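Here is the structure we will look at.
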Amino acid sequence: MKTIPTLLAAGMVMTLAACSGTPGPNDALLSDRELNLEEFFAGRTVAYGQFQDRFGTVQRRFAVEIDGTWDGSMLRLVEDFTYDDGETEQRIWTLRKTGAQTWEGSAPGVIGIAKGEERGDTFNWRYRIDLPVRSGTMRVDFDDWMWLQTEDRLLNRAYVSRFGIRLGEAIIQFEKE
């Protein structure tokens, strides 16, 4: 026979799981805009964001300057991060267009190949990375969702997990310059 604490714990886990939804590939499109990564990120872009832990507490804020080049098949993004504590980091992504709406990519620390798909005004990007953290690195999974808000503004919400458990979310606003 199950005890009340066991049933209560199971109920709490199910409630938390129900509250942790993420976007999906079949979600309705909210505009008729078309996101083309190679067009949006070619040139200079700036971004501002923050990381919130799974409880909603803001742990870190940052700004990013991005220089993008598109050569017709490869998109190279040089991302220079500046964190609120003054720490800096650079990540260089190399993305390859593999189909009309599909992408693959790599960057230092990324395990395997990052894979993404554009759909209307939305882009979903998934990858595993050894992410630099204050105490070293931590291997995490990113489920990045980007939505084209205007022709020069892109909203990004990245769900970060480890061993299938959500650690938190990064929320980033990209702006073309």
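Remarks
- Annotation for region 85-146: GluC sites (Glu not before Pro) lying in DSSP loop with at most 15 further Cβ atoms inside 10 Å of their Cβ are E87.
- Looking at region 73-124, the pairs of alpha carbons with a distance over 12 Å make up 68% of the total.
- Accessible surface of T94, taken over heavy atoms with a 1.4 Å probe and every protein chain present, rounds to 50 Å².
- 1.4 Å probe accessible area per residue over the chain, in Å²: 59 Å²
- For region 74-151, the Cβ-based charge dipole about the Cα centre amounts to some 460 debye (Lys, Arg positive; Asp, Glu negative; other atoms uncharged).
- Heavy atoms of W70: accessible area, 1.4 Å probe, square angstrom to 10: 90 Å²
- Among (1) 17.8, 65; (2) 14.1, 38; (3) 19.5, 77, the entry derived from the coordinates for Rg and Dmax of the Cα atoms in Å: (1)
- Theoretical FRET efficiency, 1/(1+(r/R0)^6), r = Cβ-Cβ of S106 and Q149, R0 25 Å, to 0.05: 0.35
- DSSP loop trypsin sites (Lys or Arg not before Pro) with at most 15 other Cβ within 10 Å: longest gap in the chain: 55-133
- Solvent-accessible area, 1.4 Å probe, carbon plus sulfur percent, for the chain: 55 percent
- Accessible surface, 1.4 Å probe, highest first, among residues E65, E34: E34, E65
The values are calculated or read from the model by the stated rules, or taken from the named source; none is laboratory data. The model shown is predicted, which means the values in this text are computed figures rather than measured ones. Heads up, the Cβs are rebuilt from the backbone with ideal geometry, glycines too, and the neighbour counts pull from every protein chain shown. For accessibility, only protein heavy atoms count, side chains too; no ligands or nucleic acids. Shrake-Rupley method; radii C 1.70, N 1.55, O 1.52, S 1.80 Å.
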